[in-house]
Structure formats: structure tokens, C-alpha cells
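K.L.:
Here it is, the structure, as C-alpha cells.
The values are calculated or read from the model by the stated rules, or taken from the named source; none is laboratory data. These figures come from a predicted structure and were not determined experimentally. Counting neighbours? That spans all protein chains shown, and the Cβs are built from the backbone with ideal geometry, glycine included.
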Amino acid sequence: MTGAASLLLAVALAAAMADWVAVQRSWVSLEYLAKPLTMVLLIAAALTLDPTSAVARAWFVAALVSCLVGDVFLMVPRDLFVYGLAAFLLGHVGYIVGLYVEGVELRRFLGGVLLVAVALAVIGPILLRGIRAGPDPALAGPVVAYIAVISAMVASAIGVGNPMAIGGALLFYASDALIAWNRFVRQTPYAGLTVMMTYHLAQFGLVISLV
């Protein structure tokens with residue numbers, strides 16, 4: 001880890017914490033600044049750290065850029081959920097390729113597949129019922145495609161065996177599960193804060209896993 005990357009990660013964490021406060025207190029102006037700024041700083045940190053694989057870093061940076069675009073789509077007042085979903089799906093594709101560049105061990109990967117299969121068996125049917133009973137049942141197809149891709153990302157991170165990558169991927173899974181649950185099933189207390197905390201910590205974990 002370079003000194004520049006460490007500094008950028010520290011500033012990114014401060015920006016993320018500012019975003020958490022903004023989300024919890026509904027300070028929209030601060031959220032519009034802190035949310036994208038966190039990702040910009042994480043991209044800069046990824047570009048300045050000393051990675052184990054420059055190729056993997058390139059794919060991770062592409063994933064972070066896609067997630068930044070997705071953040072903007074989901075942040076603006078208009079309902080651009082599908083566009084945000086597409087941007088994050090591309091982000092997970094970038095992470096998957098980067099993880100495979102780092103090296104995925106088959107036995108660990110199959111263990112990851114089993115883990116996400118259990119999770120999907122528990123919450124998948126509930127989410128699908130919620131989507132189909134809602135005002136836009138056509139979202140079922142895009143959501144299923146997204147779930148498949150993020151599940152592959154989680155299994156791939158487990159296949160790599162890097163603890164930071166695994167933790168980041170699982171936090172990403174939890175964050176997106178919370179988004180889906182609150183949008184399609186029912187609202188939970190402190191949903192916005194919990195979603196953003198798990199999401200940002202997920203991105204931190206994935207970036208740090210490059211070292």
C-alpha cells in the first residue's frame with residue numbers, strides 16, 4: 001500500500017461517513033456531494049496503490065467507475081432504478097473478470113456457489129413475489145439477471161480466497177439485498193443508512209484486496 005493510496009482511502013472513508021450522516025438526516029445537498037466523492041476517491045486510491053496484479057486493478061477500476069455511474073442514477077430524484085441496476089451489473093462483471101485474473105480456485109468457488117444458492121433459496125422467492133405484486137412486475141427479469149451476476153461475483157471472491165475480497169463481496173450482497181427488500185417487500189428501520197454503510201465498506205474491502 002503506497003502512502004498516497006493510504007491517504008486517499010482515509011479521505012474516502014471521511015467522505016463515506018459524511019454520506020452516512022447525510023442519508024440518515026436527509027441532508028440532500030451533502031449526499032449529492034459525499035456519495036459520488038467517496039467513489040471518486042476510491043478510484044483514485046485504486047489507481048495509486050501497489051497491486052498484486054495491474055490487470056486485475058484495471059478491471060476493478062472499471063467496476064468502480066460503473067458503480068459511480070450507478071450511484072448517480074440511483075441518487076437523482078427521478079426513478080432511474082433500471083439504469084442504476086444496469087450500471088451496477090456491469091460493475092460486477094468488471095469485478096468478476098478482475099477476480100479471475102487474480103486466480104479463482106475451483107473448490108472454493110463451488111463453496112461460494114453453494115453459499116449464494118442457500119441465500120437465494122431463502123430470500124429469492126420472497127423478492128420475486130414482491131416484485132410481481134408491485135406496480136412494475138416487468139422488473140422481475142432485470143432483477144433476476146442482476147442477482148445472477150452479483151451472485152457470481154460473490155462466489156468468485158470466495159474462490160479467490162482473499163479475506164478482504166470475500167468480506168467486500170458479502171457486504172455488497174447484503175447491501176443490495178437490503179435495497180431489494182426495502183423496495184419490493186417492506187421498509188426496515190434505518191434502511192438508507194444500513195444500505196450505504198454496507199455498500200461503502202464493500203467497496204473499500206474490494207479495493208484493499210488488490211494489495
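K.L.:
Filter the range 88-110 down to the residues that are out of contact with any helix residue (DSSP H, G or I) (no Cβ under 6 Å at 6 or more places or on another chain) and surrounded by 15 or more Cβ atoms within 10 Å (Cβ to Cβ) and list them by number.
P.N.:
So in the range 88-110, the residues out of contact with any helix residue (DSSP H, G or I) (no Cβ under 6 Å at 6 or more places or on another chain) come out as 93, 100, 103, 106-107, 110.
Hits for the range 88-110 are VAL93, TYR100.
K.L.:
What number of residues within the range 183-210 satisfy the criterion of being surrounded by fewer than 20 Cβ atoms within 10 Å (Cβ to Cβ) and at pLDDT below 95?
P.N.:
Of the residues in that region, 9 qualify.
K.L.:
Look through the range 133-147, keep the residues that are over 15 Å from LEU120 (Cα atoms) and aliphatic (A, V, I, L, M), and return whichever of them is surrounded by the most Cβ atoms within 10 Å (Cβ to Cβ). Please lay out each step first, then the result.
P.N.:
First, the residues of the range 133-147 that are over 15 Å from LEU120 (Cα atoms): 133-139, 141-142.
Then keep just the ones that are aliphatic (A, V, I, L, M); that gives 133, 138-139.
Values: ALA133: 10, ALA138: 10, LEU139: 18.
That would be LEU139.
K.L.:
Let me ask you something else. Going through the range 75-84 one residue at a time, which ones are surrounded by fewer than 18 Cβ atoms within 10 Å (Cβ to Cβ) and assigned to a helix (DSSP H, G or I)? If you could, list the steps in order and put the result at the bottom.
P.N.:
First, pick out the residues of the range 75-84 that are surrounded by fewer than 18 Cβ atoms within 10 Å (Cβ to Cβ): 75-83.
Across the range 75-84, the qualifying residues are MET75, PHE81, VAL82, TYR83.
K.L.:
Just one of (1) crowded, with 18+ Cβ neighbours inside 10 Å; (2) part of a helix (DSSP H, G or I); (3) touching a residue at least 40 places away in the same chain (Cβ under 8 Å); (4) among the aliphatic types (A, V, I, L, M) trips up MET164, so point out which.
P.N.:
Failing condition for MET164: (1).
K.L.:
Would you confirm whether any residue within the range 31-40 is touching a residue at least 60 places away in the same chain (Cβ under 8 Å) and either hydrophobic (A, V, I, L, M, F, W, C) or in a loop (DSSP other than H, G, I, E, B) (or both)?
P.N.:
yes
K.L.:
LEU47: farther than 14 Å from VAL211 by Cα and either in a helix (DSSP H, G or I) or modelled with pLDDT of 95 or more (or both), yes or no? I'd like the intermediate steps shown before the answer.
P.N.:
Numbers: farther than 14 Å from VAL211 by Cα: no; either in a helix (DSSP H, G or I) or modelled with pLDDT of 95 or more (or both): yes.
Against the criterion (farther than 14 Å from VAL211 by Cα and either in a helix (DSSP H, G or I) or modelled with pLDDT of 95 or more (or both)), LEU47 does not qualify.
K.L.:
Restricting the search to the range 85-136, which residues are among the charged types (D, E, K, R) and assigned to a helix (DSSP H, G or I)? If you could, list the steps in order and put the result at the bottom.
P.N.:
Filtering the range 85-136 down to residues among the charged types (D, E, K, R) leaves 102, 105, 107-108, 129, 132, 136.
Correct list: GLU102, ARG107, ARG108, ARG129, ARG132.
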